[in-house]
Amino acid sequence: MLIYPVPVEVTRARVQLVADQTAKAEPRIVSEDVLDVFAAKNKADRDAVETILDIKA
């Protein structure tokens with residue numbers, strides 16, 4: 001399991017999701033926020049793996 005600090009982009013996406021949920025935004029907007037969180041986490045994971053592979057090479 002990779003352990004690394006949570007990137008700012010992931011935190012921002014999560015904060016936006018919570019803000020929209022609290023404001024009772026339209027379901028479409030909340031769904032987009034959820035996708036943004038997953039996209040940010042996916043990018044962070046890919047960047048972390050790439051960094052690890054660069055270190056090992």
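Each reported figure results from applying straightforward, stated rules to the coordinates on display, with no laboratory input. Quantities reported herein were computed from a predicted structural model and do not represent experimental measurements. Every residue, glycine among them, receives a Cβ derived from its backbone with ideal geometry; neighbour counts consider all protein chains shown.
Scanning segment 8-23 for residues that are buried (at least 16 other Cβ atoms within 10 Å of the Cβ) and over 14 Å from the mean Cα position of the chain (by Cα) returns a single hit, D20. Step by step: first the residues of segment 24-57, then only those that are closer than 17 Å to P7 by Cβ and basic (K, R), then the one that is surrounded by the fewest Cβ atoms within 10 Å (Cβ to Cβ). Which residue is that? Ranking the qualifying residues of segment 24-57, first place goes to R46.
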